[in-house]
Amino acid sequence: QVQLVESGGGLVQAGASLRLSCAASGGTFSSYSMGWFRQAPGKEREFVATISWRGGRTYYADSVKGRFTISRDNAKNTVYLQMNSLNPEDTAVYYCAADLSLYPSAHGDGMEYWGKGTLVTVSS
């Protein structure tokens, strides 16, 4: 059983940066692909980014491409989401997820484990 715990959310102003972290335990982190998703108030959860088992392959939603960067440190069992140039439309609960395969799908389908999320609020 894989446990995922997100951290790093908070309240920031438009244009600011945040880095989210997701610590994994209970499995072989280095053999999973990982992803970040988000759910804004009143909306469905949506794909943000995914990363393959060694970080060599990444995918991003068009809405965050060029602003967000997903990365991982297998020695620390942690995946990160660096978010730059935040805007109010990025306000959401951000979830970390794990896919028990080496390579993720381009849109994050197939995630099997989920964290409880961390709230990011961007004020204008």
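The values are calculated or read from the model by the stated rules, or taken from the named source; none is laboratory data. Computed from a predicted structure; not experimentally measured. Note: ideal-geometry Cβ built from the backbone for every residue, glycine included; neighbour counts use all protein chains shown. Each accessible area value is taken on the protein alone, full model and side chains, heavy atoms only, with ligands, DNA and RNA left out. Shrake-Rupley method; radii C 1.70, N 1.55, O 1.52, S 1.80 Å.
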Which sequence of Arg67, Arg45 reflects their accessible areas, 1.4 Å probe, from the largest down?
Arg45, Arg67
Just the number, please: carbon plus sulfur as a percent of the accessible area of the chain, 1.4 Å probe, no ligands or DNA/RNA counted.
47 percent
Please work out the average accessible area per residue across the chain, using the 1.4 Å probe convention, and give it in Å².
50 Å²
Just Ala24, Ala92, Ala75 to compare: in a GNM of the chain, with alpha carbon springs under 10 Å, which one fluctuates most?
Ala75
Translational diffusion coefficient (Stokes-Einstein; Kirkwood radius from C-alpha pairs) of the chain at 4 °C, 1.567 mPa s, in µm²/s:
92 µm²/s
From most to least accessible, 1.4 Å probe, no ligand or DNA/RNA atoms counted, Leu11, Leu18 line up as Leu11, Leu18
Treat every Asp and Glu Cβ in the chain as -1 and every Lys and Arg Cβ as +1, leave all other atoms uncharged, and give the resulting dipole magnitude about the Cα centre to the nearest 20 debye.
280 debye
Largest to smallest accessible area among Trp114, Trp36 [probe 1.4 Å]:
Trp114, Trp36
With every protein chain present, what accessible area does Ser123 have (1.4 Å probe, heavy atoms only), rounded to the nearest 10 Å²?
40 Å²
